[in-house]
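For reference, the structure is listed below as structure tokens.
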Amino acid sequence: MWIVLLIVLISSIYTQFGVDCTLVPDHRQKCYLQLNDGYYYDLSGMYSLRTEDYMYMDDRGNTVFVNICNITSVPCDPYSPVCQLSEFGVYYSFGVLSSQVISSLNSSDSGGYDVQINYSGGQFCPSANSGSSTIYIKCDTNNSTNYGTIESVEYNEDGCHYSIYMSSIFACALNSSESELKHERELLQIVLPTVFGSAAIILVVLLVVLYTKRKQNKPYSRLPIEENCGK
């Protein structure tokens, strides 16, 4: 009984801390781009291992699911970082993860976008042989909590290519010192909830053990014994 109670308490703690244990299979690709001037882009903060894909509905009523440097959580075949759920309820892949190519853009010539990611080799498409997609990401320095937002989506007339326009703080070029500070902050964001969650679990276990021992060691009061007076 105490084991069941302990499991319930641990589950409630994880729920309280907002821990989602449903994970996407980890197929992550390298998610940074080194530039010649010593700066580089690190987009790893944009990918998700949980069922929280970026989503957007295009002008034809299709829902687009996007992950960065990792596959989406929806059942595309082959596994794809960009997947369409058509208005008819069918999933289509718009590029495979292994085809990923990250390149930098001149923001002044690209409408303000700094990085692009290309994917190809998706499911069969009559006019282009296979589905493909390009994700354009621009640096957002105005919102430090903007880990990734889809601003708009363009679906080519042939129905074989998506152009996805996003913004993110992770699309801002970093030098080495800025990158070290960034990774320290990300590490703290990961470690602190884990530490507090583990401490809470240990505290619950200790309380259960102490309560159990106290109950086992509690003295029992003796009932009065009637003496036989020979009557």
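The values are calculated or read from the model by the stated rules, or taken from the named source; none is laboratory data. Computed from a predicted model, the values in this text were never measured in an experiment. Cβ placement follows ideal geometry from the backbone for every residue including glycine, while neighbour counts extend to all protein chains displayed. These area figures cover heavy atoms from the full protein model, side chains too; ligands, DNA and RNA do not enter into them. Shrake-Rupley method; radii C 1.70, N 1.55, O 1.52, S 1.80 Å.
Taking Cys69 as the residue in question, decide whether it is under 20 Å from Ser130 (Cα atoms), assigned to a strand (DSSP E or B) and not hydroxyl-bearing (Ser, Thr, Tyr). Steps first, please.
On the way: under 20 Å from Ser130 (Cα atoms): yes; assigned to a strand (DSSP E or B): no; not hydroxyl-bearing (Ser, Thr, Tyr): yes.
Here the answer is no, as Cys69 does not meet what is asked.
Please work out which residue is nearest to Tyr91 (Cα to Cα), limiting yourself to the range 106-119 and to residues that are open to solvent by 30 Å² or more (accessible area, probe 1.4 Å) and in contact with a Phe, Trp or Tyr (Cβ under 9 Å, 6 or more places away or on another chain).
Looking at the filtered set, the residue picked out is Gln116.
Among the candidates Ser99, Ser168, Ser179, Ser103, single out the residue that is at pLDDT 90 or above, surrounded by 13 or more Cβ atoms within 10 Å (Cβ to Cβ) and out of contact with any helix residue (DSSP H, G or I) (no Cβ under 8 Å at 6 or more places or on another chain). Steps first, please.
On the way: Ser168 fails: out of contact with any helix residue (DSSP H, G or I) (no Cβ under 8 Å at 6 or more places or on another chain); Ser179 fails: at pLDDT 90 or above; Ser103 fails: surrounded by 13 or more Cβ atoms within 10 Å (Cβ to Cβ).
The conditions single out Ser99.
For Val64, which of the numbered conditions (1) without any contact (Cβ under 8 Å) to a residue 60 or more places away in the chain; (2) in contact with a strand residue (DSSP E or B) (Cβ under 6 Å, 6 or more places away or on another chain) fails to hold?
All conditions pass for Val64, except number (1).
Any residue at all in the range 138-145 that's modelled with pLDDT of 85 or more, small (Gly, Ala, Ser) and under 21 Å from Met46 (Cα atoms)?
Applying the first criterion (modelled with pLDDT of 85 or more) to the range 138-145 yields 138-142.
Next, from what is left, pick out any that are small (Gly, Ala, Ser): none.
No, the conditions are met nowhere in the range 138-145.
Each row is one residue, and each column tells you yes or no for (1) over 23 Å from Glu154 (Cα atoms); (2) modelled with pLDDT of 90 or more; (3) aromatic (Phe, Trp, Tyr); (4) not in a loop (DSSP other than H, G, I, E, B).
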site: Gly18; (1), (2), (3), (4): yes, no, no, no
site: Lys30; (1), (2), (3), (4): yes, no, no, no
site: Asn36; (1), (2), (3), (4): yes, no, no, no
site: Gly45; (1), (2), (3), (4): yes, no, no, yes
site: Glu52; (1), (2), (3), (4): no, no, no, no
site: Arg60; (1), (2), (3), (4): no, no, no, no
site: Pro75; (1), (2), (3), (4): no, no, no, no
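What are the residues in the range 126-147 that are open to solvent by 20 Å² or more (accessible area, probe 1.4 Å) and assigned to a loop (DSSP other than H, G, I, E, B), if any? Break it down into steps so the answer makes sense when it comes.
Looking only at the range 126-147, we keep the residues that are open to solvent by 20 Å² or more (accessible area, probe 1.4 Å), and these are 126-130, 132, 136, 138-145, 147.
Listed by number, the residues that qualify are Pro126, Ser127, Ala128, Asp140, Thr141, Asn142, Asn143, Ser144, Thr145, Tyr147.
What are the residues in the range 146-160 that are over 13 Å from Met46 (Cβ atoms) and among the aromatic types (Phe, Trp, Tyr), if any?
Pass one, the range 146-160, residues over 13 Å from Met46 (Cβ atoms): 151-160.
Of everything in the range 146-160, just one residue is over 13 Å from Met46 (Cβ atoms) and among the aromatic types (Phe, Trp, Tyr), namely Tyr155.
I need a count of the residues in the range 68-93 that are touching a residue at least 12 places away in the same chain (Cβ under 8 Å), of a type outside the set (Ser, Thr, Tyr) and open to solvent by 10 Å² or more (accessible area, probe 1.4 Å).
Here is the first cut: in the range 68-93, the ones touching a residue at least 12 places away in the same chain (Cβ under 8 Å) are 68-87, 91-93.
Next, from what is left, pick out any that are of a type outside the set (Ser, Thr, Tyr): 68-71, 74-78, 81-85, 87.
Those left that are additionally open to solvent by 10 Å² or more (accessible area, probe 1.4 Å): 74-75, 77-78, 85, 87.
Looking only at that region, the number is 6.
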